[in-house]
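Readers should treat all values here as calculations from the given coordinates under stated rules, not as data from a laboratory. Please read these numbers as outputs of a predicted model, since none were measured by experiment. With ideal geometry, Cβ positions are generated from the backbone for all residues, glycine too; neighbour counts draw on all protein chains shown.
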Ligand code: DMJ
């Protein structure tokens, strides 16, 4: 019979830990190593506890008897010169002989036993502090390790991987002098951001450009993983900043270590680190990036050990214990997080020949396909224990955005073979257009948020990426509506440009409304900030590639100038707290995505199209380019489109 231990990828739950006489009635003979280990640990703690307890008993007559008796029992000894009689390494003592020395020996032994006992108690207490979920996750992680080890032993050499066609890794230098100068200015901004991070934040995740020191947030856990280095690598490479690229490579080679007791966001680590490392590998051919990406991916796998196989939002890289964000509806995982793994995971399977990554993301897809969708919309929250939706909120901005993006990009990345993904994208976009996309009184097309049967007429800066997505998905759309989707992309680009243009700083707010006479303007104070986000510029770039309408370069240049004027400080670039204020205050964070995305999209906007052409490269949601894979002849099982 196949036990759950042999099904680590199925997401099945282990039986609850029960140490009573009737525990595991049919499975005693099939107990796995890790379970035996835990039982043994608890048993030995118990025995040590009983044994050690004697030494903590009050000074009773029983205790005294035992104490006295010790004088005549066997005490380990090797020296026979003092009149004792050696019996196989032990010495029998008569009363009055070397009494002092015996007492010392006895005391030493007793202290040792006490120390061992206390240590065992501490260990047992530590174990007991852990929740059942944590213990189960530890067991599952151990089991996975054993299975992986066994697999390694069994596995035959991997078949050689046909290398993807790496077209368009060139300078993309524009002939036009004015465009070249603008591009050079963007490169100079990248250098300013990098040099300051290099000087003041090196090895930290991000930079505080005003305090001039390292910065981090909980998405990266509590260790210095050099997020900015990994995120910036491919931008450095594309811009021809090769010395800086080599510095980054050296740091990664020597310092980037994933065996740290740190709880990180699975989604963020995937899009920034795995995406960044894979892109750096494909662009430069340096093996170290591939190796690090695969090592890190292995550390994320325990996050999938949930009853449904929908991963936790966070995972501890060392223990493999996962959990969800406290703020998420009813303990749910987030659609945009567990739905934004596909591109990187398919590449990992492709590069390693190990289907484990591919199977994880296909399992998520299959599960989503089976679920009912209210009005055809995907809610943002899904509970990984029950497999049920949380609150019925749908968004093309935060919490939902890149799930839709990755459906489209899964299709593009598969050389348009993954038609299942394309169908899911088309269905989702049709429902979004029907329920979420509206025109304001002033004629601006916007994408609202669906909350429990009600449309909130508010759009986030994050949602602005959708203009580019619609344009990218136009070709190949259902019923040949390419023109319609390109037009929709252009309308979203226009609305998002308006959200910039209606501010004092000409930088876009975090969220803007279309309600009560307000059009594309932030109303609440806590939505007026700009944190160097890329989405609006990302859409300008896609629209430029598909239309070559000069207004997109014009808008991109406006944004470049505004960033340089209002976000640049001597120690790097900072977000600003209020884009409607003429004297803005800084948030003092140089986000890693500023180097990964914002500056890269700007640079590409002023480069020739033959630099990373969109027929051959698909950009992940952190703007890391991954090549299109021609998978028709390879064996990633599970999806008919790949056979
Ligand atoms: C980036 O990390 C990614 O683009 C992600 O998909 C959403 N937002 C940030 C930048 O705004």
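General remarks:
- Value of relative contact order over region 482-535, rounded to a whole percent, pairs C-alpha under 8 Å and six or more apart: 25 percent
- Shape call, region 203-255: gyration tensor on alpha carbons, a/c limit 1.5: prolate
- On the basis of the beta-carbon distance and an R0 of 25 Å, residue 212 and residue 525 show a calculated FRET efficiency of 0.35.
- Along each principal axis, Cα extent of region 455-598, largest first, Å: 50, 35, 24
- With N counted as the residues of region 320-374, its alpha-carbon radius of gyration over 2.2 N^0.38 Å works out to 1.32.
- Pairs of Cα atoms farther than 19 Å apart, region 392-515, %: 46 percent
- Each listed q (0.15, 0.17, 0.23 Å⁻¹) maps to a log10 I(q)/I(0) for region 297-401, found by the Debye formula over equal Cα scatterers with no solvent: -0.60, -0.77, -1.31.
- With the simple spin-label model, which puts each label point 7 Å out from Cα in the Cβ direction, the residue 125 to residue 518 separation comes to 5.3 nm.
- Ranking of 464, 567 by count of other Cβ atoms within 10 Å, fewest first: 567, 464
- Computed from the Cβ-Cβ distance with R0 of 60 Å, the FRET efficiency linking residue 416 to residue 115 stands at 0.35.
- For region 344-463: relative contact order, % (alpha-carbon pairs under 8 angstrom, 6 or more apart): 20 percent
- Estimated translational D of region 220-343 in µm²/s (Stokes, Kirkwood radius over Cα pairs; 4 °C; 1.567 mPa s): 86 µm²/s
- Taking all Cα pairs closer than 8 Å and separated by 6 or more residues, the relative contact order of region 415-467 comes to 19 percent.
- The length gained on full extension between residue 253 and residue 161, counted as 0.36 nm times the residue separation minus their Cα-Cα distance, comes to 30.7 nm.
- Residues of region 502-533 with amide N under 15 Å of the 7 Å Cα→Cβ point at residue 456: 510-515, 522-528
- Arranged from fewest to most other beta-carbon atoms within 10 Å of their beta carbon, 585, 394 become 585, 394.
- Between residue 318 and residue 181, full extension at 0.36 nm per residue minus the direct alpha carbon distance yields a gain of 44.6 nm.
- Computed log10 I(q)/I(0) for region 428-497 at 0.28 Å⁻¹: -1.37, from the Debye equation with unit scatterers placed on every C-alpha and solvent omitted.
- Residue-span extension gain [residue 564 to residue 369] - 0.36 nm each, minus C-alpha spacing: 65.7 nm
- Per-residue Cβ neighbour rank within 10 angstrom, fewest leading, 177, 602, 472: 177, 472, 602
- In this calculation the C-beta distance from residue 616 to residue 222 is compared with R0 = 41 Å, giving a FRET efficiency of 0.55.
- Region 428-482 and region 523-570 have Cα centres separated by 20 Å.
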